Amino acid sequence: TPVFTSSVVLTVGLGIGGSTAIFAVIDALLLRPLPYPGAERLEWVFTDSPPFEWPFSVVDFQAFEAQQTSFDAVAAYAVRNQTFTRGDVVEPISVRIVTPGYFGVLGITPAEGRFFLRQDGLPDSEATVVVTQGFAERQLGGGESAVGAVIRLDGVDTRVVGVLPSDFGPLGRSAQAFPAMQFSPPTRKGPFLLRVIARRRVDVEPEVGLEELRAINRRIFPLWAESYQDERASWGMTSLAEALSGGVSGMLIALLGAGGFVLIIATSNAANLLLARVGWRRPELAVRAALGASRHQIVRLLLTESLLLALGGVAVGIGVAQAGIRLLPVVASSYLPRLDEVALTGPVLAFAGLAALASGLLFGLVPSLYGGTASVAADLRTGRRSRSLAIRQQRYQRILVIVEIAISVPLLAGGGLLASSFANLSAVDPGFDPDNLLTMRVSLAAGSYSGRESRAAFGDQMLERIDALPGVTAVTFASAVPPRYGGNNNFDLEDDPTAPGESQPTAPWIMVEPGFFETLGVRVVEGRALAPQDNSTHAVVDEAWARRFFLGESALGKRFKGGGCTTCDWTEVVGVVQTIRWTDPRASRPGAVYQLAEGLTSPFLYVRAAVDQMTVVSLIRAVLRELDPSVPIDAVRTAETLLDDSLTRPRHLAMILGGFSLLALVLAVIGLYGITAYVVQLRKSDIAIRIALGGSPRAVLVGVLRQGVALVVVGLLVGVVAALGVTRVLSGLLYEVGPTDVRTLTAVSVLLGAVGLVASWLPARSAAKVDPATILREE
């Protein structure tokens with residue numbers, strides 16, 4: 001029976017494959033230990049200021065390093081982009097500026113050369129760097145040749161002292177070079193730019209280490225209270241593995257649950273198919289029993305057949321999972337970390353095997369028990385099933401169909417909620433005109449442009465030259481690009497000062513050139529935009545910020561002090577502008593502050609052009625080569641692409657869960673159609689007699705429809721109740737739609753009801769068209 005076998009194998013295989021692919025990601029990100037010695041003792045340390053988790057400041061790190069006793073080693077790093085220069089090669093590269101103990105904390109050994117010594121971190125020491133093997137081979141002629149070479153990073157001569165092994169773990173994998181961090185004595189608590197890692201001592205429990213962190217923070221707080229007043233903020237700690245998971249555990253668990261639901265539906269469908277097949281095989285099973293087979297042997301036979309089908313399903317599932325794993329880096333690299341570690345490992349294959357075993361046992365159990373109760377004498381005498389057994393079989397099949405429909409409801413509801421959320425996110429006004437707008441990053445080497453004045457002078461020249469290019473209608477720059485800006489700054493309002501012990505409010509803080517709002521097409525709602533004569537005592541805020549802090553009154557003229565500074569002059573709001581979407585719209589702290597840029601190190605250019613955009617990029621590169629050949633540009637994107645990319649994660653999540661939902665709907669409909677058609681086939685003699693005795697075909701149609709609709713209604717009632725609880729796990733993934741949204745549940749119920757009605761109507765129509773004479777002659 002190749003069609004039957006293929007149906008079961010493919011159905012179960014799709015369910016196993018989807019679940020296995022998601023489990024492979026969970027295994028790599030959440031279950032498998034990091035590839036470092038003693039990885040379970042690696043901790044991520046941060047400034048805990050609910051609801052935010054900030055990096056450390058230099059003050060914090062130095063105090064932590066000097067006073068802690070619970071950790072074998074601590075280290076910090078900062079993520080940067082620097083300009084690599086060697087000969088004629090000028091290239092922006094991603095770097096991790098690290099403290100000398102960074103590699104020791106992780107337990108890595110160099111492939112060539114050495115790692116940093118303590119003196120490499122002293123302010124007056126020679127600048128040193130450790131590079132990756134790929135960078136050494138591409139730019140320095142290989143690992144051995146790289147050690148001792150001098151390269152220029154941000155205009156500073158830097159000596160290569162070591163080369164990392166090819167697989168140095170997930171932390172910092174995107175970086176190409178690791179310069180040694182050299183601290184200057186801090187003058188205030190901020191800025192908070194250092195990510196901190198630590199290796200906990202073997203004899204220290206996490207709770208003990210966390211308590212020591214908080215104790216150190218309490219000791220140093222009074223020493224720096226003048227520049228940082230948030231007494232509620234403490235230090236927190238979590239495992240490095242959890243920190244590197246990217247905050248996707250909730251999403252992955254939700255998807256695994258969806259895959260599990262699909263597998264249950266597929267298993268129910270397979271059970272229905274096998275149950276129908278066993279019904280037709282009852283004469284064969286009766287003959288086996290008559291020839292001496294015990295009930296136990298018949299059950300074992302049927303279970304063995306089911307497990308063989310499940311084995312075929314796991315083969316298909318592994319193929320589906322492998323295809324999904326290969327597709328992941330293409331579609332999910334922007335929001336799923338460590339995808340290169342996702343593979344069909346032993347635990348993943350074991351998961352697939354257990355899923356197949358469980359599925360095979362479940363979809364084989366009911367048919368096996370039913371088939372093993374053969375009434376030998378009756379089945380051999382009549383060559384067909386007894387009526388009581390047929391009724392029992394239909395009862396089992398109806399229960400399975402109800403289960404399929406009930407499970408489909410929360411799946412369809414989840415898919416509908418995520419689709420609605422994605423539609424709502426797509427409809428959010430970005431706050432600026434993205435048409436014909438290009439963005440790119442310009443990297444000014446710190447060694448060549450160490451002073452704010454030199455950077456400002458270069459910025460003015462750059463804007464003047466680019467503005468004169470053919471086709472360019474406007475140009476400006478800022479410290480960031482929307483809509484994925486992650487930087488925030490704290491501040492204190494003059495009219496509503498933060499109470500002692502409370503956390504100061506925060507907001508995205510953007511440094512812009514005076515023509516920024518005009519170039520982006522951002523409307524000035526009140527007051528004025530920033531002007532060239534403004535300074536740090538002037539700011540523009542957006543409408544969301546004004547509503548957040550001054551609802552019902554004007555924000556013009558309001559004053560605040562930013563960055564925790566108590567001795568600084570007040571900053572006055574001189575204008576309110578249209579809200580630009582700098583962060584995820586689901587963020588609970590809306591609003592942004594704009595101040596005049598003063599010599600940015602890595603400004604982002606915004607260029608509006610009426611000609612081919614790639615032509616404009618080439619012209620800009622030529623301008624920069626004339627001004628300074630050591631200044632590169634990278635991160636070239638159109639504004640439309642930036643906006644589209646910001647929706648990648650919710651789009652893919654909606655697509656994946658929508659695919660699971662569609663598969664569940666198809667399987668449930670097939671199950672409903674199958675049981676209805678099966679009942680019609682089983683009762684065709686009764687139907688023929690009823691019509692021959694004067695019964696109405698319409699009454700037959702309605703009777704069959706009533707049975708199918710009853711299954712749908714019961715399944716919907718159970719499914720809606722389940723959905724009210726299950727969809728709550730999606731709360732953190734939704735935007736402007738609740739997890740129990742009535743419209744979504746109503747739409748799902750109507751859809752399932754309509755599709756179920758069609759699935760029942762087709763065999764009902766066939767029953768109404770029965771020719772009594774033909775059927776009764778055959779009987």
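The values are calculated or read from the model by the stated rules, or taken from the named source; none is laboratory data. What you are looking at is a predicted structure, and each value in this text was computed from that prediction instead of being measured. So basically every Cβ, Gly included, is an ideal-geometry build from the backbone, and we count neighbours across all protein chains shown. Remember, those area values only see protein heavy atoms, side chains included, never the ligands or the DNA or RNA. Shrake-Rupley method; radii C 1.70, N 1.55, O 1.52, S 1.80 Å.
A few notes on this one:
- Here residue 757 passes the criteria (1) surrounded by fewer than 18 Cβ atoms within 10 Å (Cβ to Cβ); (2) not in a helix (DSSP H, G or I) except the one numbered (2).
Okay, residues lined up against (1) under 30 Å from residue 338 (Cα atoms); (2) open to solvent by 10 Å² or more (accessible area, probe 1.4 Å):
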| site | (1), (2) |
| --- | --- |
| 195 | yes, yes |
| 213 | yes, no |
| 216 | no, no |
| 233 | no, no |
| 240 | yes, no |
| 250 | yes, yes |
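- Qualifying residues in the range 187-216 (those that are among the β-branched types (Val, Ile, Thr) and more than 32 Å from the chain's Cα centre (by Cα)) - the one farthest from residue 488 (Cα to Cα): 202
- Set side by side, the residues 300, 282, 326 differ, and just one is basic (Lys, Arg), farther than 22 Å from residue 653 by Cβ and surrounded by fewer than 18 Cβ atoms within 10 Å (Cβ to Cβ), which is 300.
- If the condition is being modelled with pLDDT under 90, crowded, with 16+ Cβ neighbours inside 10 Å, over 30 Å from residue 585 (Cα atoms) and out of contact with any Gly (no Cβ under 9 Å at 6 or more places or on another chain), then the range 704-748 contributes 704, 705, 707.
- Condition met for residue 312 (open to solvent by less than 70 Å² (accessible area, probe 1.4 Å), within 45 Å of the chain's Cα centre (by Cα), at pLDDT 80 or above and not basic (Lys, Arg)): yes
- Taking the criterion of being in a loop (DSSP other than H, G, I, E, B), more than 13 Å from residue 195 (Cα to Cα) and in contact with a strand residue (DSSP E or B) (Cβ under 8 Å, 6 or more places away or on another chain), the residues of the range 14-65 that qualify are 34, 36, 38.
- Subset of the range 648-691 that is among the hydroxyl-bearing types (Ser, Thr, Tyr) and at pLDDT 85 or above - its residue that is farthest from residue 713 (Cα to Cα): 648
- Within the range 712-737, residues that are among the aliphatic types (A, V, I, L, M) have Cβ atoms under 7 Å from residues that are open to solvent by 40 Å² or more (accessible area, probe 1.4 Å) and not in a helix (DSSP H, G or I) in these pairs: 724/740, counting only partners at least 6 apart in sequence or on another chain.
- Failed condition for residue 437, given (1) out of contact with any Phe, Trp or Tyr (no Cβ under 7 Å at 6 or more places or on another chain); (2) in contact (Cβ under 8 Å) with a residue 12 or more places away in the chain; (3) not aromatic (Phe, Trp, Tyr): (1)
- Test: residue in the range 105-125 that is among the polar types (S, T, N, Q) and crowded, with 17+ Cβ neighbours inside 10 Å: no
- Output for the range 143-163, where each listed residue is without any contact (Cβ under 8 Å) to a residue 40 or more places away in the chain and in contact with a helix residue (DSSP H, G or I) (Cβ under 6 Å, 6 or more places away or on another chain): 143, 146
- Residues of the range 476-533 satisfying the condition of being over 36 Å from the mean Cα position of the chain (by Cα) and either part of a strand (DSSP E or B) or crowded, with 18+ Cβ neighbours inside 10 Å (or both): 526, 527, 529, 530
- Here the range 25-53 is the region considered, the condition is being farther than 28 Å from residue 109 by Cβ and under 21 Å from the mean Cα position of the chain (by Cα), and the residue that is most open to solvent (accessible area, probe 1.4 Å) is 53.
- Complete set of residues in the range 78-101 that are open to solvent by less than 10 Å² (accessible area, probe 1.4 Å) and under 24 Å from residue 444 (Cβ atoms): 78, 83, 84, 93, 95, 98
- Taking the range 164-197 as the range and being polar (S, T, N, Q) and within 21 Å of residue 222 (Cα to Cα) as the test, only 187 passes.
- The listed residues are 767, 677, and the only one of them that is over 30 Å from residue 248 (Cα atoms), surrounded by 21 or more Cβ atoms within 10 Å (Cβ to Cβ) and over 29 Å from the mean Cα position of the chain (by Cα) turns out to be 767.
- Hits in the range 80-131 - residues which are assigned to a strand (DSSP E or B), closer than 19 Å to residue 164 by Cα, touching a residue at least 60 places away in the same chain (Cβ under 8 Å) and β-branched (Val, Ile, Thr): 93, 95, 97, 98
- Criterion applied to 416, 431 was being open to solvent by 10 Å² or more (accessible area, probe 1.4 Å) and either over 26 Å from residue 677 (Cα atoms) or touching a residue at least 60 places away in the same chain (Cβ under 8 Å) (or both), and the one residue passing it is 416.
- Flag for residue 685 being surrounded by 15 or more Cβ atoms within 10 Å (Cβ to Cβ), assigned to a helix (DSSP H, G or I) and of a type in the set (S, T, N, Q): no
- Number of positions in the range 408-440 that are among the polar types (S, T, N, Q) and within 12 Å of residue 653 (Cβ to Cβ): 1
- Failed condition for residue 138, given (1) in contact with a helix residue (DSSP H, G or I) (Cβ under 8 Å, 6 or more places away or on another chain); (2) more than 30 Å from residue 64 (Cβ to Cβ); (3) not hydroxyl-bearing (Ser, Thr, Tyr): (1)
- If you go through the range 451-475 and keep only what is part of a strand (DSSP E or B) and over 14 Å from residue 516 (Cβ atoms), you end up with 472, 473.
- Single residue of 245, 227, 268 found to be within 25 Å of residue 564 (Cβ to Cβ) and crowded, with 18+ Cβ neighbours inside 10 Å: 227
- Search result, residues across the range 660-703 that are closer than 20 Å to residue 751 by Cα and of a type in the set (A, V, I, L, M): 662, 663, 664, 665, 666, 667, 668, 669, 670, 672, 675
- Here the condition is being touching a Ser or Thr at 6+ places or on another chain (Cβ under 6 Å) and among the small types (Gly, Ala, Ser); of 233, 254, 276, 225, it holds for 233 alone.
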